[in-house]
Structure formats: structure tokens, C-alpha cells
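Engineer: Take this structure, written in C-alpha cells, and hold onto it; I'll ask about it next.
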Amino acid sequence: MNLRRGLFRTWIVLTILWIGAALFISWPTVVRDLAFSSPPRSAEDFVTLIPVPCGEVRGQPSDYSRMEPGFSTAGAREGCYYEEPRLRELWPEYAAMTEDELIEVMHGKLGWTLPEIDPYEHTKRAALLALVPPVALLILGSLIIWAGAGYRRDSQGSTL
């Protein structure tokens, strides 16, 4: 039997077992990724709440709600949340901004930082766990076979 073919077949079997084990171990965290856990929703399903510094509120107290910042930096101020359509009515100077620009401006006024959210965070880690070790083993095995091939005897029996 050819040693290279046998080692390659062994690598294939070990790789399949490794990927299966990595998938089994990682599955509970992968399904919690935002890309898979949140159902697709249309714009009609929810209204965006946008924070405004509570010292700059407009309208009636029933127009907004007070909340402490959940992801703030030191020295951040308390925010009062408005539904996006109502905020645009009360602050016409923001009417031309997109929703993302408006959220960024208002968070900046409060001294809050927006978290970077990766919807595939756990999926990427699971893929690295599942794929990098088998590829590294294949490369290492190939290098060992290649180095070992330099010590073969040629057809006349000489090692040179």
C-alpha cells in the first residue's frame, strides 16, 4: 500500500471526525448569532427609538421615555428616547438625515458609543475551530512526507 495514499485517507477520516466534533461543540453558540436567531422583520414590525439628551427634550412627557444608557462610556448623560417619526416632527432640522446618521448624531451628543455588532461572530470562531487544525495537519504531514522523500534510495542503491 502506498504510504502517501494511506496517510491522506487517514487525514480525511480524522478531518470528518474533527469537523463533526467541532460542529457538535459549537452549535449552541452558533445558533445564538444574530444572523440566525433573530427572525427576519419588516420595517412595519417595529419603530426605532432614538436617544436625545434629557436636557433638550421637546414635546409632552408622553412623547418620550427615560432610560439609562446600557452601553455608555464614562461621563455619558442620561437619554430620553423618542420614536423616530415623533423625533423628526419635533426636530425638523434632522428630517433630512437617514436613520443611521440620526442615531449616530444623537449618540454622539450623549457621549455614548455604538457597539460594533457582528451577526456572525460565533459562526466565524466555529469555522476557524473546525477548519484550521485539519489544514495545519495536512500541511505538516505533507512537509514531513516531502522531507522524508529526500532520504529514499535511488534505483542503484545510493542515498545521494
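Engineer: In the range 1-30, what residues are touching a Pro at 6+ places or on another chain (Cβ under 8 Å) and farther than 17 Å from residue 143 by Cα?
Structural biologist: 14, 15, 18, 19
Engineer: Let me ask something else. Determine, yes or no, whether residue 143 is more than 30 Å from residue 2 (Cβ to Cβ) and modelled with pLDDT of 85 or more.
Structural biologist: no
Engineer: Give 98, 15, 29, 10 a once-over and let me know the one that is at pLDDT 85 or above and in contact with a His (Cβ under 7 Å, 6 or more places away or on another chain).
Structural biologist: Answer to the check: 29.
Engineer: Determine whether residue 51 is closer than 30 Å to residue 89 by Cα and modelled with pLDDT under 80.
Structural biologist: No: the conditions fail for residue 51.
Engineer: What are the pairs with Cβ atoms under 8 angstrom where one residue, in the range 8-37, is closer than 17 Å to residue 128 by Cβ and the other, located anywhere, is of a type in the set (Asp, Glu)? Sequence gap at least six, or different chains.
Structural biologist: So the pair list comes out as 33/121.
Engineer: Shifting gears a bit: Give the residues of the range 57-78 that are surrounded by 10 or more Cβ atoms within 10 Å (Cβ to Cβ) and either in a helix (DSSP H, G or I) or at pLDDT below 80 (or both), sorted by residue number.
Structural biologist: Of everything in the range 57-78, those that are surrounded by 10 or more Cβ atoms within 10 Å (Cβ to Cβ) and either in a helix (DSSP H, G or I) or at pLDDT below 80 (or both) turn out to be 63, 64, 65, 66, 67, 69, 71, 72, 73, 76, 77, 78.
Engineer: Consider the range 106-133. How many of its residues are part of a helix (DSSP H, G or I), under 30 Å from residue 15 (Cβ atoms) and not charged (D, E, K, R)?
Structural biologist: 10
The values are calculated or read from the model by the stated rules, or taken from the named source; none is laboratory data. Only a predicted model underlies this, so the values are computations on that prediction, with no experimental measurement involved. Note that each Cβ is placed from the backbone with ideal geometry, even for glycine, and that neighbours are counted across all protein chains shown.
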